[in-house]
1. Give me the percent of accessible area attributable to carbon and sulfur for the chain, probe 1.4 angstrom.
2. Could you derive backbone 3J(HN,Hα) for the stretch 12-17 from the dihedral phi with the Karplus parameters 6.51, -1.76 and 1.60 (θ = phi - 60°), listing whole Hz in sequence and x where the residue is Gly or Pro?
3. Express in nm, to one decimal, how much length is gained between C20 and D87 on full extension, taking 0.36 nm for each residue of separation and deducting their alpha carbon distance.
4. Which value at 222 nm does the chain reach when only helices count, each DSSP H run of 4 or more adding -39,500 (n - 2.57), with the total divided by all residues and rounded to the nearest 500 deg cm²/dmol?
5. Compute the angle between helix 63-92 and the longest alpha-carbon principal axis of the chain, please, reported from 0 to 90 degrees and rounded to the nearest 10.
6. Mind pulling the per residue volume of the convex hull built on the Cα atoms of the chain? Å³ is fine.
7. Take the Cα radius of gyration of the stretch 41-93 and divide it by 2.2 N^0.38 Å, with N its residue count; two decimals is plenty.
8. Based on the mean of other beta carbon atoms within 10 Å per residue, what is the order of 48-58, 67-77, most packed first?
Amino acid sequence: MDTELIINIIGYAAAICMVCGYLPQAIYTIRTRDTDGIAMPTFLLLGAGSIFFVIQGLMLSNWPLVITNAITTVSSAIVFGIKIRNDRHKRRR
């Protein structure tokens, strides 16, 4: 089997695992608006990492890397917005 094909298969498998691992938490947070268990510094670092991986993927034309991290970046941005809103609302009480 061609080495490049194996590398691509591993990349797509990683992409599937990452999206399937991250998306359920994002969907849960979007549905319930529960952000109490989210640590903001960790979450921001994971979001920044996703953005950097999108950039790297674009520079390398590595589409599994781009697609996976674009999905996690958008999900992170949505959850981040919910977290900020919830935290502000709690401070006002």
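The values are calculated or read from the model by the stated rules, or taken from the named source; none is laboratory data. This structure is a prediction, so every number in the text was calculated from the model and none was measured. FYI the Cβ positions are ideal-geometry reconstructions off the backbone, even for glycines, and counts take in every protein chain you see. The protein model used for the area step is the full one, side chains on, heavy atoms only, and it has no ligands, DNA or RNA in it. Shrake-Rupley method; radii C 1.70, N 1.55, O 1.52, S 1.80 Å.
1. Values: 4590 of 6670 Å².
It is 69 percent, rounded to a whole number.
2. 5, 4, 5, 4, 4, 4
3. Working: separation 67, 0.36 × 67 = 24.12 nm, distance 2.71 nm.
Using 0.36 nm per residue and subtracting the Cα-Cα distance, I get 21.4 nm.
4. Values: 3 runs with 81 residues, N = 93.
Result for the chain: -31000 deg cm²/dmol, rounded to the nearest 500.
5. The angle comes out at about 10 degrees.
6. On the way: hull volume 7.9 nm³, N = 93.
Cα-based convex hull of the chain, divided per residue, equals 85 Å³.
7. 1.39
8. On the way: 48-58: 15.7, 67-77: 19.2.
The packing order, highest mean first, is 67-77, 48-58.
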